[in-house]
Amino acid sequence: MKVIVLGAGIVGVTSAYQLAKAGHEVTVVDRQPGPALETSFANAGEVSFGYCSPWAAPGIPMKAMKWLFMKHAPLILRPKLDMAMLSWMARMLSNCTSERYAINKSRMLRLADYSRIALADLRAETGIAYDERMQGTLQLFRTQQQLEASAKDVKALAADGIPYEVLDRDGCIRFEPALRHVRDKIVGGLLTPKDETGDCFKFTNALAAKAEALGVRFAYGTTIKALDVEAGRVRGVITDRERMSAEAVVVALGSYSPLLLEPLDIRLPVYPVKGYSLTIPITDASRAPESTVMDETYKIAITRLGDRIRVGGMAEISGYTNDLGLARRSTLEYSVTDLFPGGDISKASFWSGLRPMTPDGTPVIGGTDVSGLYLNTGHGTLGWTMSTGSARLIADLVSGGQPEIDAKDLAISRYG
């Protein structure tokens, strides 16, 4: 079939590659001049198959109230008279129960583990290099309360057969030797050894080149105006340059997906949650992390990417604004220098991106009531982690095949 993929971030490019492998004629449309220039550009670098949890969790409403008054808060809320924001927040709060958390985390772990297999296959198939490491994620606890609260995650990991290890202070230092300089600041950690790290921007660009070699056409610098729908079936896409015909369209526009779908009365509960990152050159390897350390107190990931450290995190709910707040930079600087002192922060580059979050933390993958129109969006902080598995799923669904894992509860129909 002739298939159009909307969006050239990590999710759109992996989808295009898998669709081309399945034999389709694929065009990717994006307003940017190249791939991975928005949310995929400078994310935290985690490929977190095990460290994979919904933001909506038991206790989050109370924690959120405390975070609002913290200097270095992991959550920043800038409320406004925006019905989409208010509706999304209400739905997220309704998912902050033990029952919903268990269901949502299980969905996420299923897709993440499938993506682990898909990424390994893709790496072997293409030989792509992207500053990758396969050394795991250490979720680092500064307090005993945090360590004890990790029991719910341990239970979910065990139920889904995901390898993990609960570490004491010395165990954390054995895994990340540079933490010996700050041993008194930590009490323990949760290690998910199958997790990986890598530069999402490098990967996406390399895969886009592989996709082009398979015949995928990339229409960069092209603004998407509307979906062309007739008699309940998608017929193509209307852009600022031309009308493009297609038999199937995959929407992978991240936070902007709901805006395109709204005129079709498709209510996609995805809302932008802004994240920030710093990229710092490594000046002393003995004081740098070996893999990813997730600072549980500030919800900040500190990741080794070749000769750089990527520091990423926070969740700012402020709508479609992508300005760089200096207060957010100070939080990133505080976390990395507190755990890994000695780096040259003055040489860091500062970035922000809009993560497409669903209220339950699970992406939306599958068809819609419009024949031929598919969604692959809403991955939140885990687009890099879940991209390769999501791409396989969408390629199977578009091709009319049977997905290798259960995807029914990932579709938009779960929202009723």
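The values are calculated or read from the model by the stated rules, or taken from the named source; none is laboratory data. This structure is a prediction, so every number in the text was calculated from the model and none was measured. All Cβ positions, even for glycine, are placed from backbone atoms using ideal geometry, and neighbour counts span all protein chains on display. The area values use the complete protein model at the heavy-atom level, side chains included, leaving out ligands, DNA and RNA. Shrake-Rupley method; radii C 1.70, N 1.55, O 1.52, S 1.80 Å.
What's the ranking of 269-280, 363-374 by average number of surrounding C-beta atoms within 10 Å, highest first?
Output ranking for 269-280, 363-374: 269-280, 363-374.
With each pseudo-label sitting 7 Å past Cα toward Cβ, what's the residue 124-residue 307 distance in nm, one decimal?
With each label placed 7 Å out from Cα toward Cβ, I get 3.2 nm.
In deg cm²/dmol, rounded to 500, what helix-only [θ] at 222 nm does the chain give when every DSSP H run of at least 4 residues adds -39500 (n - 2.57) and the total is split over its residues?
About -10000 deg cm²/dmol.
Whole angstrom only: what separates the Cα centroid of the range 320-392 from the Cα centroid of the range 79-102?
18
Enumerate the amide H contacts of residue 315 below 5 Å, restricted to partners 5 or more residues apart or on another chain; note that Pro and chain-start residues carry no placed amide H.
75, 76
When you count, for each residue, the other Cβ atoms within 10 Å and take the mean per peptide, how do 107-119, 228-240 rank with the highest first?
With the highest mean Cβ count within 10 Å placed first, the list reads 107-119, 228-240.
According to the square roots a ≥ b ≥ c of the eigenvalues of the Cα gyration tensor, what is the shape class of the chain, taking rounded for a/c under 1.5, prolate for a/b larger than b/c otherwise, and oblate for the remainder?
Prolate.
If one computes the Cα centroid of the range 234-266 and of the range 157-184, what distance in Å separates the two points?
Cα centres, the range 234-266 to the range 157-184: 45 Å.
Is the C-alpha gyration tensor of the range 156-207 telling us rounded, prolate or oblate? Criteria: a/c under 1.5 is rounded; beyond that, a/b larger than b/c is prolate, otherwise oblate.
In terms of gyration-tensor shape, oblate.
Using a 1.4 angstrom probe, figure out how much accessible area the chain has per residue, in square angstrom, rounded to the nearest whole.
40
Are any of the pairs 155/185; 194/274; 202/299; 152/274; 63/299; 105/185 more than 21 Å apart by Cα-Cα distance, and if so, which?
The pairs that break the limit, which is 21 Å between Cα atoms, are 155/185; 194/274; 202/299; 152/274; 105/185.
Please give the contour-minus-distance gain from residue 409 to residue 77: 0.36 nm per residue of separation, less the Cα-Cα distance, rounded to one decimal in nm.
116.6 nm
With all protein chains present, how much of the accessible area of the chain (probe radius 1.4 Å) comes from carbon and sulfur, to the nearest whole percent?
Percent of accessible area from carbon and sulfur atoms in the chain: 53.
With an 8 Å Cα cut-off and a minimum separation of 6 or more residues, compute the relative contact order for the range 301-416 in percent.
19
So if each residue of separation counts as 0.36 nm, and I subtract the Cα-Cα distance between residue 290 and residue 181, what length gain in nm does that give?
Going from the current span to full extension adds 37.8 nm.
Students often check this: by mean Cβ neighbours within 10 Å, which of 298-309, 203-214 ranks highest, and how do the rest follow?
Ranking the peptides 298-309, 203-214 by packing returns 298-309, 203-214.
Taking square-rooted eigenvalues a ≥ b ≥ c of the alpha carbon gyration tensor, is the range 252-333 rounded, prolate or oblate, where a/c under 1.5 means rounded and, failing that, a/b exceeding b/c means prolate?
prolate
Would you mind calculating the gained length between residue 158 and residue 214 on full extension (0.36 nm times residue separation, minus the Cα-Cα distance), in nm to one decimal?
16.2 nm
Enumerate the residues in the range 397-415 having an amide nitrogen under 14 Å from the point lying 7 Å beyond the Cα of residue 91 toward its Cβ.
410-415, by backbone N distance to the label point.
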